[in-house]
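I have placed the structure first, in the form of structure tokens, so that the comments after it can refer back to it.
The values are calculated or read from the model by the stated rules, or taken from the named source; none is laboratory data. All of these numbers come straight from a predicted model, not from anything done at the bench. Here the Cβ is made from the backbone with ideal geometry for all residues, glycine too, and neighbour counts use every protein chain on show. The accessibility values were calculated without ligands, DNA or RNA, using every heavy atom of the protein model including side chains. Shrake-Rupley method; radii C 1.70, N 1.55, O 1.52, S 1.80 Å.
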Amino acid sequence: MTIFISIAAYRDPELVPTIKDCLARARWPDRLRFGICWQHGLDEAPPPTLDSGRMRVIDVPWAASRGACWARAQCMSLYDGEDWFLQLDSHHRFAQDWDATLIDQAARSGSALPLLTAYAPAYDPAVPVPASERPTVMRFDRFTPEGIALCQFGPVAEKPDGAPIRARFLSAHLLFAPGQFVSDVPYDPDLYFIGEEISLAIRAFTHGYDLYHPGQHVAWHEYTRKHRSKHWDDHRAERGVATPWHARDAASLDKVRRFLATPEVGRFGCGTARSFADYEAYSGISFRRRHASRAARRGDEPEPLPVRAAARDWTVRVSLDRAALPDAALRHPLFWYVGFHDGQGNEIARDDAGRAEMHALLNGGDGPIRIERRFASTRPPARWTVWPVDRRGQWLDRIDGAIDAASDHPVIEVTA
């Protein structure tokens, strides 16, 4: 089984030692493939380790970098169908046979979509790593002013057999999942730093991934950052960058805040296997009330997820009266929002009509405009919505209606 290893490295002298230790301590080093976003100074020559045939490298001058999440998205673009996806930072040390441990832990989880993650124990590059280490769990720490949940790590109440431990939260510096994670939960390049992990945990969970902490030690992580340049140190107006770090950070924080307040299904939003409310119940976090349960604060293992009904495939055909639509919706629209909601008003599917589809729909004669969408959901659709956006980006009048999903017919016809 091959493992694609994503490493976003920003001017980090620990990158090469990390790669070397990763290879040296793997049971199957020949099965590892690296995707590296190497962000560096012009005077920093490529390290010899990056010349290996197993390395896929995106070369980025430091001033062109847009932050950690953008770099991780770049790494994902290098994925080439490997069996497993492993996301790391560029400052790690590894336990012996770490790759075999992760694959074994994933198998022992019993999940079809396991995601193993942890805040790894700390190491100091100046001294040898300990001979052994206990695994860790993640627990809730605090909310930011934007309502973003932050976590910390603590010792685990180890299971006697070293089995994986159900997790509430996700670490971006140690994330191991099946390779399809890259297409299921692609990284949002618009995020900067804070909010990366909680939004990714929600997105993975709602796409059907089961979160686990490894029940055995896998790796160490260097937390102090004292040995490397930081993005927020370099990306300042006085250094001539086009967009300073704080502008990217402010936009990112606002995007995460909006996601937590009004989560939607989409490419960089929630999936449809589970709901946002399901994640809140599972994790013990209420984002609206900014409350965390005692179990979440302690890092207790959450209860197993209840067995859910299998998702059903839905096909909905919407017919719109062309004469009833505003002129701005028909003349060169930017796009049309097309969404479906359950009985409580939660969005369960969204698939907008872009310019190419709009051109075909609006130039198809004088009859009704027909939009067809297919999607999978465990919850039946109760309402549909079409919401045009004009060429200036202005939202026009919303068009919506009820859906009768009670029948077993594979296609649901609705008319506005």
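Summary of computed values
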quantity	calculated
Global geometry of the chain, whether rounded, prolate or oblate, following the gyration tensor of its Cα atoms and the 1.5 cut on a/c	prolate
Efficiency of FRET from Cβ geometry, Thr2 and Ala45, R₀ 22 Å, rounded to 0.05	0.15
Debye log10 I(q)/I(0) for region 122-227, one point scatterer per Cα, at q = 0.11, 0.12 Å⁻¹	-0.41, -0.49
For Arg66, residues with placed amide H under 5 Å, excluding near neighbours	Ala71
Spin-label proximity, Lys230 to region 189-217 - amide N less than 20 Å from point 7 Å beyond Cα toward beta carbon	191-198
Carbon + sulfur, % of accessible area of region 10-99 - ligands and nucleic acids excluded, 1.4 Å	48 percent
Over region 293-366, equivalent-ellipsoid semi-axes from the Cα gyration tensor in Å	42, 15, 11
³J(HN,Hα), Karplus 6.51/-1.76/1.60, whole Hz, each residue of region 49-59, x for Gly, Pro	4, 6, 7, 5, x, 7, 9, 10, 10, 9, 8
Calculated diffusion of region 178-260, Stokes-Einstein form, Kirkwood radius summed over Cα pairs, 25 °C and 0.890 mPa s, µm²/s	158 µm²/s
Label-point separation, Arg383 to Val16 (7 Å along Cα→Cβ), nm	6.0 nm
Residue-span extension gain [Glu146 to Ala131] - 0.36 nm each, minus C-alpha spacing	1.3 nm
Ala349 long-range amide H proximity, modeled H, under 5 Å	Phe340
Helix-only CD estimate at 222 nm, as mean residue ellipticity for the chain, using -39500 (n - 2.57) per DSSP H run (n ≥ 4)	-6000 deg cm²/dmol
Ile371 - accessible surface, heavy atoms, 1.4 Å probe, Å² rounded to 10	10 Å²
Selection from Met358, Ser171, Pro29, by position along the positive dipole direction of the chain (Cβ)	Ser171
Cα gyration tensor shape for region 1-147, rounded if a/c is under 1.5, else prolate or oblate	rounded
Extension gain (nm, one decimal) between Glu413 and Asp80, 0.36 nm per residue minus Cα-Cα	115.9 nm
Magnitude of the charge dipole, the chain, Cβ model with Lys/Arg +1 and Asp/Glu -1, debye to 20	680 debye
Cα shape, region 205-301, gyration tensor, a/c 1.5 rule	oblate
Phi-based couplings in Hz for region 347-358 (Karplus 6.51, -1.76, 1.60; Gly and Pro marked x)	5, 10, 7, 9, 8, 5, 8, x, 5, 5, 5, 4
Antiparallel %, DSSP beta bridges [both residues in the chain], to 5	60 percent
Label-point gap, in nm, between Ala242 and Asp124 - each point 7 angstrom along Cα→Cβ	4.3 nm
Simple spin-label estimate for Arg374 and His332 in nanometres, 7 Å along Cα-Cβ	3.5 nm
Nearby lysines by direct alpha-carbon distance to Lys20 (threshold 24 angstrom, same-chain neighbours under 8 apart not counted)	Lys226, Lys230
For region 90-99, 3J(HN,Hα) per residue [Karplus equation, 6.51 cos²θ - 1.76 cosθ + 1.60, θ = phi - 60°, Hz, x = Gly/Pro]	9, 9, 9, 10, 10, 6, 4, 6, 4, 5
Amide proton proximity set for Phe85, modelled H, under 5 Å, gap of 5+	Phe4, Ala177, Gly179
Computed FRET value (nearest 0.05) for Ala323 with Thr262, which takes r as the C-beta separation and R₀ as 41 Å	0.80
